[in-house]
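Engineer: What follows is a single structure, and I will ask about it in a moment.
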Amino acid sequence: MSDEVTAEILTTHVLDLAKKGRRLDGRGVDEMRPVKIRTGFVASADGSAFVELGPTKVLAGIKLEPGTPFPDTPNAGVLTTNAELVPLSSPGFEPGPPRPEAIELSRVVDRAIRAAEAIDLTKLCVTPGEKAWVCYVDIHILDDGGNLIDAAMLAAMSALTHATLPGERFGLGEDKPLEVRHLPIETTFARLGDALVVDPVSEEESACQGRLTIATDEAGNVCAMQKGKVGAFSPQDVLQMADRAQVHGDRLRDQIRAL
(Lines give C-alpha, C1' and ligand atoms only; values in the text may rest on other atoms or scores of the structure.)
Protein backbone atom coordinates (compact mmCIF):
# COMPACT_ATOMS: atom_id res chain seq x y z
CA MET A 1 0.00 0.00 0.00
CA SER A 2 1.45 3.38 -1.01
CA ASP A 3 2.19 6.15 1.48
CA GLU A 4 -0.42 8.35 -0.21
CA VAL A 5 -3.16 5.76 0.27
CA THR A 6 -2.14 5.15 3.87
CA ALA A 7 -2.20 8.90 4.58
CA GLU A 8 -5.66 9.21 2.98
CA ILE A 9 -7.03 6.36 5.08
CA LEU A 10 -5.58 7.90 8.26
CA THR A 11 -7.03 11.32 7.40
CA THR A 12 -10.46 9.81 6.86
CA HIS A 13 -10.22 8.00 10.20
CA VAL A 14 -9.16 11.18 12.04
CA LEU A 15 -12.06 13.15 10.54
CA ASP A 16 -14.58 10.38 11.27
CA LEU A 17 -13.48 10.32 14.90
CA ALA A 18 -13.77 14.12 15.14
CA LYS A 19 -17.40 13.96 13.95
CA LYS A 20 -18.11 11.81 17.00
CA GLY A 21 -16.21 14.11 19.36
CA ARG A 22 -13.37 11.63 19.65
CA ARG A 23 -9.64 11.69 18.93
CA LEU A 24 -6.88 9.22 18.12
CA ASP A 25 -5.45 9.28 21.63
CA GLY A 26 -8.78 9.26 23.42
CA ARG A 27 -8.78 12.93 24.48
CA GLY A 28 -11.71 15.29 24.31
CA VAL A 29 -11.69 18.17 21.81
CA ASP A 30 -10.61 20.67 24.48
CA GLU A 31 -8.20 18.43 26.38
CA MET A 32 -4.46 18.99 26.18
CA ARG A 33 -1.88 16.28 26.65
CA PRO A 34 0.00 16.14 29.97
CA VAL A 35 2.68 18.81 30.34
CA LYS A 36 5.95 18.26 32.18
CA ILE A 37 8.48 21.07 32.62
CA ARG A 38 11.99 20.81 34.00
CA THR A 39 14.13 23.94 34.36
CA GLY A 40 17.89 24.15 34.76
CA PHE A 41 18.28 21.32 32.28
CA VAL A 42 21.53 22.66 30.74
CA ALA A 43 24.10 23.76 33.33
CA SER A 44 26.15 25.83 30.86
CA ALA A 45 23.17 27.97 29.76
CA ASP A 46 22.04 31.14 31.50
CA GLY A 47 18.57 29.59 31.63
CA SER A 48 17.06 26.43 30.22
CA ALA A 49 13.93 24.29 30.24
CA PHE A 50 12.97 20.87 28.95
CA VAL A 51 9.30 20.45 28.10
CA GLU A 52 7.30 17.31 27.39
CA LEU A 53 3.88 17.82 25.83
CA GLY A 54 2.76 14.23 25.57
CA PRO A 55 5.46 12.62 23.39
CA THR A 56 6.59 16.01 22.00
CA LYS A 57 9.90 17.01 23.59
CA VAL A 58 11.48 20.45 23.31
CA LEU A 59 14.57 21.98 24.88
CA ALA A 60 15.06 25.74 25.16
CA GLY A 61 18.27 27.45 26.24
CA ILE A 62 18.99 31.09 27.05
CA LYS A 63 22.33 32.82 26.51
CA LEU A 64 22.93 36.44 27.51
CA GLU A 65 25.95 38.29 26.19
CA PRO A 66 26.95 41.97 25.81
CA GLY A 67 26.49 43.34 22.33
CA THR A 68 25.59 46.49 20.42
CA PRO A 69 22.01 47.80 20.33
CA PHE A 70 20.33 48.32 16.98
CA PRO A 71 20.70 51.89 15.60
CA ASP A 72 16.92 52.43 15.60
CA THR A 73 16.59 51.24 19.25
CA PRO A 74 19.73 52.61 20.92
CA ASN A 75 18.19 52.40 24.39
CA ALA A 76 17.13 48.75 24.23
CA GLY A 77 18.67 45.33 24.39
CA VAL A 78 18.28 42.70 21.70
CA LEU A 79 16.11 39.57 21.63
CA THR A 80 16.74 36.89 19.03
CA THR A 81 14.90 33.58 18.79
CA ASN A 82 16.03 30.57 16.78
CA ALA A 83 14.54 27.10 16.36
CA GLU A 84 16.23 23.92 15.20
CA LEU A 85 14.35 20.85 14.02
CA VAL A 86 16.81 18.17 15.04
CA PRO A 87 16.79 15.40 12.38
CA LEU A 88 16.51 12.66 15.01
CA SER A 89 13.20 14.13 16.19
CA SER A 90 11.22 13.16 13.09
CA PRO A 91 11.72 11.12 9.89
CA GLY A 92 10.61 14.21 7.98
CA PHE A 93 13.42 16.44 9.28
CA GLU A 94 16.72 16.42 7.40
CA PRO A 95 20.10 18.08 7.99
CA GLY A 96 20.73 21.29 6.10
CA PRO A 97 19.53 24.89 5.99
CA PRO A 98 16.61 25.92 8.23
CA ARG A 99 13.31 24.45 7.03
CA PRO A 100 10.24 26.68 6.58
CA GLU A 101 8.71 24.99 9.64
CA ALA A 102 11.72 26.01 11.77
CA ILE A 103 11.53 29.60 10.53
CA GLU A 104 7.80 29.77 11.27
CA LEU A 105 8.32 28.24 14.71
CA SER A 106 10.97 30.74 15.75
CA ARG A 107 9.00 33.70 14.40
CA VAL A 108 5.75 32.71 16.09
CA VAL A 109 7.44 32.27 19.48
CA ASP A 110 9.46 35.47 19.07
CA ARG A 111 6.37 37.47 18.07
CA ALA A 112 4.41 36.38 21.13
CA ILE A 113 7.27 37.27 23.50
CA ARG A 114 7.62 40.70 21.92
CA ALA A 115 3.91 41.45 21.59
CA ALA A 116 3.28 40.59 25.23
CA GLU A 117 6.33 42.67 26.24
CA ALA A 118 7.41 39.71 28.35
CA ILE A 119 10.84 41.30 28.71
CA ASP A 120 11.44 45.04 29.02
CA LEU A 121 14.26 45.35 26.52
CA THR A 122 15.08 48.88 27.69
CA LYS A 123 16.31 47.36 30.98
CA LEU A 124 18.84 45.34 28.99
CA CYS A 125 20.55 48.52 27.81
CA VAL A 126 23.96 49.07 29.45
CA THR A 127 25.20 52.16 27.60
CA PRO A 128 22.75 53.79 25.15
CA GLY A 129 23.88 53.35 21.57
CA GLU A 130 27.01 51.43 22.62
CA LYS A 131 26.40 48.37 24.74
CA ALA A 132 23.37 46.26 25.61
CA TRP A 133 22.56 42.70 26.57
CA VAL A 134 21.68 40.34 23.72
CA CYS A 135 19.24 37.62 24.78
CA TYR A 136 19.42 34.49 22.64
CA VAL A 137 16.50 32.07 22.87
CA ASP A 138 17.51 28.80 21.23
CA ILE A 139 14.82 26.15 20.75
CA HIS A 140 15.66 22.55 19.89
CA ILE A 141 12.97 20.06 18.86
CA LEU A 142 14.04 16.67 20.19
CA ASP A 143 10.91 14.61 19.48
CA ASP A 144 8.04 15.70 17.24
CA GLY A 145 4.74 14.31 18.47
CA GLY A 146 2.77 17.26 17.12
CA ASN A 147 2.02 20.84 18.20
CA LEU A 148 5.60 22.07 18.26
CA ILE A 149 4.57 25.72 18.63
CA ASP A 150 2.91 25.35 22.03
CA ALA A 151 5.69 23.15 23.38
CA ALA A 152 8.37 25.54 22.11
CA MET A 153 6.62 28.53 23.69
CA LEU A 154 6.34 26.74 27.02
CA ALA A 155 10.02 25.84 26.92
CA ALA A 156 11.07 29.37 25.94
CA MET A 157 9.05 31.11 28.66
CA SER A 158 10.04 28.56 31.33
CA ALA A 159 13.70 29.08 30.44
CA LEU A 160 13.37 32.87 30.43
CA THR A 161 11.69 32.95 33.86
CA HIS A 162 14.67 31.05 35.30
CA ALA A 163 17.41 32.91 33.40
CA THR A 164 20.22 34.92 34.99
CA LEU A 165 21.98 38.03 33.72
CA PRO A 166 25.65 36.97 34.04
CA GLY A 167 27.06 40.33 35.04
CA GLU A 168 30.08 38.93 36.88
CA ARG A 169 31.24 36.94 33.86
CA PHE A 170 31.49 40.07 31.73
CA GLY A 171 32.50 42.60 34.38
CA LEU A 172 29.07 44.25 34.36
CA GLY A 173 28.19 44.01 38.03
CA GLU A 174 26.62 41.19 39.97
CA ASP A 175 24.61 38.33 38.55
CA LYS A 176 20.88 38.90 38.85
CA PRO A 177 17.68 37.25 37.64
CA LEU A 178 16.41 38.26 34.23
CA GLU A 179 13.23 40.24 34.82
CA VAL A 180 10.22 38.69 33.07
CA ARG A 181 7.21 41.00 33.28
CA HIS A 182 4.57 38.88 31.55
CA LEU A 183 3.97 35.22 30.76
CA PRO A 184 2.52 34.81 27.26
CA ILE A 185 1.37 31.29 26.45
CA GLU A 186 0.44 30.01 22.99
CA THR A 187 -2.45 27.60 22.44
CA THR A 188 -2.92 25.90 19.09
CA PHE A 189 -6.18 24.61 17.61
CA ALA A 190 -6.85 22.52 14.51
CA ARG A 191 -10.04 22.30 12.49
CA LEU A 192 -11.14 18.73 11.87
CA GLY A 193 -14.40 19.07 10.00
CA ASP A 194 -16.68 21.01 12.35
CA ALA A 195 -14.54 20.23 15.41
CA LEU A 196 -11.92 22.66 16.74
CA VAL A 197 -9.47 20.53 18.70
CA VAL A 198 -6.75 21.84 21.00
CA ASP A 199 -3.16 20.58 21.03
CA PRO A 200 -3.26 18.54 17.81
CA VAL A 201 -1.01 15.50 17.41
CA SER A 202 0.97 14.99 14.20
CA GLU A 203 -1.76 12.95 12.50
CA GLU A 204 -4.36 15.61 13.30
CA GLU A 205 -2.09 18.35 11.94
CA SER A 206 -1.76 16.42 8.67
CA ALA A 207 -5.52 15.91 8.42
CA CYS A 208 -6.70 19.35 9.54
CA GLN A 209 -8.37 22.02 7.40
CA GLY A 210 -6.79 24.92 9.23
CA ARG A 211 -4.63 25.67 12.26
CA LEU A 212 -4.78 28.70 14.55
CA THR A 213 -2.34 29.59 17.33
CA ILE A 214 -3.45 32.18 19.89
CA ALA A 215 -1.09 33.79 22.40
CA THR A 216 -2.63 35.13 25.62
CA ASP A 217 -1.22 36.80 28.72
CA GLU A 218 -2.18 36.85 32.39
CA ALA A 219 -4.24 40.03 31.95
CA GLY A 220 -6.64 38.34 29.56
CA ASN A 221 -5.19 39.91 26.43
CA VAL A 222 -4.76 38.20 23.09
CA CYS A 223 -1.18 39.15 22.21
CA ALA A 224 -0.70 37.46 18.86
CA MET A 225 -2.18 34.97 16.40
CA GLN A 226 -0.78 32.77 13.68
CA LYS A 227 -2.87 30.92 11.12
CA GLY A 228 -1.49 27.88 9.35
CA LYS A 229 -2.63 25.25 6.86
CA VAL A 230 -5.37 25.71 4.25
CA GLY A 231 -8.84 26.44 5.60
CA ALA A 232 -10.88 29.16 7.25
CA PHE A 233 -12.26 30.12 10.66
CA SER A 234 -15.35 32.23 11.24
CA PRO A 235 -15.28 35.21 13.63
CA GLN A 236 -17.33 33.10 16.06
CA ASP A 237 -14.74 30.32 15.82
CA VAL A 238 -11.94 32.74 16.63
CA LEU A 239 -13.75 34.21 19.62
CA GLN A 240 -14.51 30.76 20.97
CA MET A 241 -10.91 29.63 20.57
CA ALA A 242 -9.63 32.84 22.20
CA ASP A 243 -11.71 32.10 25.29
CA ARG A 244 -10.47 28.52 25.37
CA ALA A 245 -6.88 29.68 24.87
CA GLN A 246 -7.14 31.97 27.88
CA VAL A 247 -8.26 29.09 30.11
CA HIS A 248 -5.44 26.83 28.94
CA GLY A 249 -2.96 29.69 29.17
CA ASP A 250 -3.89 30.52 32.77
CA ARG A 251 -3.46 26.89 33.80
CA LEU A 252 -0.05 26.62 32.15
CA ARG A 253 1.08 29.94 33.60
CA ASP A 254 0.29 28.57 37.05
CA GLN A 255 2.39 25.52 36.23
CA ILE A 256 5.37 27.68 35.22
CA ARG A 257 5.07 29.85 38.33
CA ALA A 258 5.09 26.75 40.52
CA LEU A 259 8.48 25.58 39.19
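The values are calculated or read from the model by the stated rules, or taken from the named source; none is laboratory data. This is a predicted model, so every value here is computed, not measured. FYI the Cβ positions are ideal-geometry reconstructions off the backbone, even for glycines, and counts take in every protein chain you see.
Listed here are the residues, each with its yes/no results for (1) among the aliphatic types (A, V, I, L, M); (2) on the phi > 0 side of the Ramachandran plot.
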residue: G173; (1), (2): no, yes
residue: E186; (1), (2): no, no
residue: F189; (1), (2): no, no
residue: E205; (1), (2): no, no
residue: A224; (1), (2): yes, no
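Engineer: When only residues in the stretch 85-104 that are of a type in the set (A, V, I, L, M, F, W, C) and touching a helix residue (DSSP H, G or I) at 6+ places or on another chain (Cβ under 6 Å) count, which is modelled with the highest pLDDT? Give the derivation first.
Structural biologist: Initial filter on the stretch 85-104 (of a type in the set (A, V, I, L, M, F, W, C)): 85-86, 88, 93, 102-103.
Within this subset, residues satisfying the condition of being touching a helix residue (DSSP H, G or I) at 6+ places or on another chain (Cβ under 6 Å) are 85, 93.
Details: L85: 87, F93: 68.
Looking at the filtered set, the residue picked out is L85.
Engineer: Let me ask something else about it. Restrict the check to the stretch 89-109 and report whether at least one residue is over 14 Å from E65 (Cα atoms), among the charged types (D, E, K, R) and buried (at least 19 other Cβ atoms within 10 Å of the Cβ).
Structural biologist: No, the stretch 89-109 has no match at all.
Engineer: Could you list all residues from the stretch 138-190 that are out of contact with any Pro (no Cβ under 8 Å at 6 or more places or on another chain), part of a helix (DSSP H, G or I) and not β-branched (V, I, T)?
Structural biologist: Selection gives L148, D150, A151, A152, L154, A155, A156, S158, A159, L160, E168, R169.
Engineer: Cβ-Cβ below 9 Å, separation at least six or inter-chain, first residue in the stretch 24-52 and loosely packed, with under 13 Cβ neighbours inside 10 Å, second at pLDDT below 95: which pairs?
Structural biologist: Correct list of pairs: G28/G21; G28/R22.
Engineer: Could you tell me which numbered condition T12 fails, if it satisfies all but one of (1) surrounded by 13 or more Cβ atoms within 10 Å (Cβ to Cβ); (2) at pLDDT below 95; (3) polar (S, T, N, Q)?
Structural biologist: Every condition holds for T12 apart from (1).
Engineer: Looking at the stretch 34-86 only, could you name the residues that are more than 18 Å from A151 (Cβ to Cβ), among the β-branched types (V, I, T) and out of contact with any Lys or Arg (no Cβ under 9 Å at 6 or more places or on another chain)?
Structural biologist: The answer is T73, V78, T80.
Engineer: Please work out which residue is surrounded by the fewest Cβ atoms within 10 Å (Cβ to Cβ), limiting yourself to the stretch 110-137 and to residues that are outside any strand (DSSP E or B) and among the small types (G, A, S). Spell out how you get there, then give the answer.
Structural biologist: Our first condition is that a residue be outside any strand (DSSP E or B); within the stretch 110-137, this holds for 110-124, 128-130.
Imposing the further condition that a residue be among the small types (G, A, S) reduces the set to 112, 115-116, 118, 129.
Values: A112: 27, A115: 17, A116: 23, A118: 22, G129: 13.
Out of the qualifying residues, it is G129.
This table checks each residue for (1) in a loop (DSSP other than H, G, I, E, B); (2) out of contact with any helix residue (DSSP H, G or I) (no Cβ under 9 Å at 6 or more places or on another chain); (3) modelled with pLDDT under 95; (4) within 24 Å of L105 (Cα to Cα).
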| residue | (1), (2), (3), (4) |
| --- | --- |
| R33 | yes, yes, no, yes |
| K36 | no, yes, no, yes |
| A45 | yes, no, no, yes |
| V58 | no, no, no, yes |
| G61 | no, no, no, yes |
| P71 | yes, yes, no, no |
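Engineer: Would you confirm whether any residue within the stretch 213-226 is free of Cβ contacts under 8 Å to residues at least 40 places away in the same chain, within 27 Å of I37 (Cβ to Cβ), crowded, with 24+ Cβ neighbours inside 10 Å and among the hydrophobic types (A, V, I, L, M, F, W, C)?
Structural biologist: From the stretch 213-226, those free of Cβ contacts under 8 Å to residues at least 40 places away in the same chain are 214, 216, 218-220, 222, 225; that's our starting set.
Okay, now just the ones that are also within 27 Å of I37 (Cβ to Cβ), so 214, 216, 218-220, 222, 225.
With the extra rule that they be crowded, with 24+ Cβ neighbours inside 10 Å, the set shrinks to 214, 216.
Those left that are additionally among the hydrophobic types (A, V, I, L, M, F, W, C): 214.
Yes; the residues of the stretch 213-226 include at least one that is free of Cβ contacts under 8 Å to residues at least 40 places away in the same chain, within 27 Å of I37 (Cβ to Cβ), crowded, with 24+ Cβ neighbours inside 10 Å and among the hydrophobic types (A, V, I, L, M, F, W, C).
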